[in-house]
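Read-outs throughout are calculated quantities, based only on the coordinates presented, and are distinct from any laboratory measurement. Being a predicted model, the structure only gives us computed values, none of them experimental. Neighbour counts are summed over all protein chains in view; Cβ atoms, including those assigned to glycine, are modelled from backbone coordinates with ideal geometry.
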Amino acid sequence: MPAPAPEAPPTAPPAPRPAAPGDGPLHPLILGAAALMALNDQLLKGWGPGWLTGKLSDLAGLAFAPALLVALLELALCRFGLRVGDRRLLLLSIMATGGFFSAIQLHAGAASVWTWGLGAAQWPLRALLALVSGGPSPALRPVVHTADPSDLLTLPALALPLALGWARSRPVLKVGTAPHDPQVEGVQSGAGGP
């Protein structure tokens, strides 16, 4: 009777791929939040009750905005040797998003900055669409915003980008470097190794 074939040695799971600059918003849950925000703002706001669609928009925006902010900062700063996945950027983005969101719900001046800023950001696309369709150039105008202190109840949505960003930040690598490996470092420094 032939000897049984030896079992294959167990394989280790693949090592997680290091974060690339700006890839945070590509996580499926963050992409889902962006899709929900777009669907809600373009379709659902005409169908559902205002309090519900408003809260959906807030939840989706709070999930998406910090990931986008981290991505933009990483892309801008990686040329200076920024560590991709740096948790300080993540925490700064979470605090900035939560702080600005709170301010526009509670302070008329902050809300005005938001409505005019977003209106200005949307104007180029509106102008291009008017140009293509042969219509008149649209005026620069603020977006509609209703300050609602109860929207602060959606701030826990910041936990999603915080958790995803925290997990993404392991291992923290400087752009162009390899993960910390004491055995490799010992061999490279001449200290020897096993």
_segment 77-109 residues near the modelled Leu118 label - backbone nitrogen below 11 Å, point 7 Å along Cα→Cβ_ = 101, 104-105
*Taking 0.36 nm per intervening residue step and subtracting the Cα-Cα distance, what contour gain separates Met95 from Leu129 on full extension?*
8.7 nm
*Given the peptides 137-149, 69-81, arrange them by the average over their residues of other C-beta atoms within 10 Å, most packed first.*
69-81, 137-149
_Environment charge of Ala157, counting only residues whose C-beta is closer than 13 Å and scoring Lys/Arg +1, Asp/Glu -1_ = -1
*Rank-order 91-97, 153-159 by packing density, defined as the average count of other C-beta atoms within 10 Å over each peptide's residues, highest first.*
91-97, 153-159
*Quick one: length gained pulling His107 to Leu77 fully straight, 0.36 nm per residue minus the C-alpha distance?*
7.7 nm
